[in-house]
Amino acid sequence: MDTQKRLHENISALADGELADSERELALAALDTAEGQAAWRAYHLAGDVLRDQASGALSDGFGASLAARLAAEPAYVPAAPAGRASDPAQTPADVILP
């Protein structure tokens with residue numbers, strides 16, 4: 001994982017109160033940068049919106065910025081369950097036992 005992504009994840013975890021003590025110093029140092037402060041504000045605003053506590057005074061570009069960030073996120077691809085065939089033709093209903 002690249003350093004910037006890790007710092008953003010640490011800032012997010014810090015905002016949520018879920019950051020491990022071992023990562024706290026790095027996250028706090030990141031908050032001394034303009035990018036870190038912007039990330040802090042964005043994560044808090046997103047949390048407020050999710051909790052329906054936003055003041056209604058979102059910036060004009062908030063929706064577009066959020067849409068762009070969501071579009072840039074990698075798609076979630078669930079892993080195949082362990083011990084199961086990845087070929088759909090090998091489902092238990094298709095297997096004929098002697």
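The values are calculated or read from the model by the stated rules, or taken from the named source; none is laboratory data. These figures come from a predicted structure and were not determined experimentally. Quick reminder, even Gly has a Cβ in these numbers, built from the backbone with ideal geometry, and neighbours come from all protein chains shown.
Determine whether the stretch 15-23 contains at least one residue that is surrounded by 13 or more Cβ atoms within 10 Å (Cβ to Cβ), touching a Leu at 6+ places or on another chain (Cβ under 9 Å) and of a type outside the set (Asp, Glu).
Taking the stretch 15-23 first, the residues surrounded by 13 or more Cβ atoms within 10 Å (Cβ to Cβ) are 15, 19, 23.
Subset that is touching a Leu at 6+ places or on another chain (Cβ under 9 Å): 23.
If we keep only those that are of a type outside the set (Asp, Glu) too, we end up with none.
No: zero hits.
Among the helices (runs of 4 or more DSSP H) contained in the stretch 1-68, which hold 2 or more residues that are in contact (Cβ under 8 Å) with a residue 24 or more places away in the chain?
Numbers: elements: 3-15, 21-30, 34-50.
Filter on the stretch 1-68 gives 3-15, 34-50.
Name the residues in the stretch 55-89 that are surrounded by 10 or more Cβ atoms within 10 Å (Cβ to Cβ) and either of a type in the set (Ser, Thr, Tyr) or at pLDDT 60 or above (or both), would you?
As a first pass, look at the stretch 55-89 and keep what is surrounded by 10 or more Cβ atoms within 10 Å (Cβ to Cβ): 58, 62-69, 84-85.
Within the stretch 55-89, LEU58, PHE62, GLY63, ALA64, SER65, LEU66, ALA67, ALA68, ARG69 meet the criteria.
Could you tell me whether LEU28 is over 21 Å from GLY63 (Cα atoms), aliphatic (A, V, I, L, M) and surrounded by fewer than 15 Cβ atoms within 10 Å (Cβ to Cβ)?
Numbers: over 21 Å from GLY63 (Cα atoms): yes; aliphatic (A, V, I, L, M): yes; surrounded by fewer than 15 Cβ atoms within 10 Å (Cβ to Cβ): yes.
Considered against the rule, which asks whether it is over 21 Å from GLY63 (Cα atoms), aliphatic (A, V, I, L, M) and surrounded by fewer than 15 Cβ atoms within 10 Å (Cβ to Cβ), LEU28 comes out as yes.
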